[in-house]
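Read-outs: derived from the displayed coordinates by stated rules, not from any lab. Values in this document were obtained by computation on a predicted structure and should not be read as measured data. So basically every Cβ, Gly included, is an ideal-geometry build from the backbone, and we count neighbours across all protein chains shown.
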Amino acid sequence: MRIEGSNIFLTGASSGIGAALAVELTRRGARVAGVSRRPSAGVAVSISADVGVAADRERAVAEALGALGRIDALINNAGVGVYAPSWQCPMEELRRMFEVNFFGAVDLTQRVAPGMVARGQGLVVNVASIASKVPLPWFTLYSASKAALEAYTRGLRMELARTGVGAMLVCPGYVQTGFQGAVLGGRPPAKLVSGKRFASTAEAVARAVADGMEKDARTVLTPSLGWALVAASRLAPGLVDGQLLAMMESAGDE
Ligand SMILES: NC(=O)c1ccc[n+]([C@@H]2O[C@H](COP(=O)([O-])OP(=O)(O)OC[C@H]3O[C@@H](n4cnc5c(N)ncnc54)[C@H](OP(=O)(O)O)[C@@H]3O)[C@@H](O)[C@H]2O)c1
């Protein structure tokens, strides 16, 4: 798609990857409607809404359409994690996470995609994670929510293939943002926190996503070295699972 001159509905624009994306897309000539609970800086329209609440999603789309006239790209970037083990995590926390990470994205797509289909162009970008391809034991339920988003994105792309509307999946690796501080429950393994120096920046992810949008990419996995982990996980799942488990256990019961 052509970012210059486009109108983009971006969730999770108040922080991290979304905030960097708002800057990058604006720099490339888009008008961005940033949607999050806290205000988004530097966007054409800042809409305060909880994407985990259906009434807020409905209002946010109406406000964005009112301000921008049409939506050329929907970027479902807002997301939260839960560190609690899957066999202990309160169901309420799990449902809340899926409402933000998965149902919110599907609902926003249902609200926005019909307009795109009617115009014969548009793009839906879903920000999943490398955890959608390689489940992380300290993040089992989060991985499941992102795997659902990945399967959904792939199916949506096929459903819309003849309409001129695309769907792109984004799978970031570890990115230095406020994400870990915003989890709904549980705590990460200490080793993961100490591995922060290996994290990529939100700005690098934002550039990769914007490049992917302009190239009509299917998937943006960043950093691209992550593909090696994905391949290893497909070829030798037992080995990769063992390494991930060792990484979690070596961190102790944090
Ligand atoms: N950081 C990583 O290592 C990493 C790796 C892979 C994938 N990701 C994914 O990247 C996306 C962005 O995460 P980030 O790292 O940039 O984290 P972040 O700094 O915590 O930003 C998350 C954004 O999502 C918004 N958000 C969260 N819950 C929301 C809700 N209920 N309603 C509306 N907005 C909500 C937050 O805004 P408010 O709090 O203002 O509502 C914030 O703008 C997420 O989908 C995450 O799963 C992150």
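Summary table
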item	result
From phi via Karplus (6.51, -1.76, 1.60), per-residue ³J(HN,Hα) for the stretch 238-249 in Hz, x at Gly/Pro	x, 5, 5, 4, x, 5, 5, 5, 4, 4, 5, 6
Radius of gyration and maximum dimension Dmax of the chain, Cα, Å	17.6, 54
Spatial separation of Cα centroids for the stretch 15-77 and the stretch 104-165, in angstrom	17
Helix 202-214 axis, angle to the chain major axis (alpha carbon atoms, nearest 10°)	50
Charge dipole of the stretch 7-250 about the Cα centre (unit charges at C-beta), most positive-ward option of PHE9, VAL220, GLN110	VAL220
Relative contact order of the stretch 7-250, defined on C-alpha pairs under 8 angstrom at six or more residues apart (%)	19
Burial ranking of peptide ranges 223-236, 172-185 (average Cβ count within 10 Å, highest at the top)	172-185, 223-236
Qualifying chymotrypsin sites (Phe, Trp or Tyr not before Pro) in the stretch 50-135, DSSP loop, other Cβ atoms within 10 Å at most 14	TRP87
Rounded, prolate or oblate (a/c below 1.5 giving rounded, otherwise prolate when a/b exceeds b/c) for the stretch 19-86 by Cα gyration tensor	oblate
Global geometry of the stretch 133-223, whether rounded, prolate or oblate, following the gyration tensor of its Cα atoms and the 1.5 cut on a/c	oblate
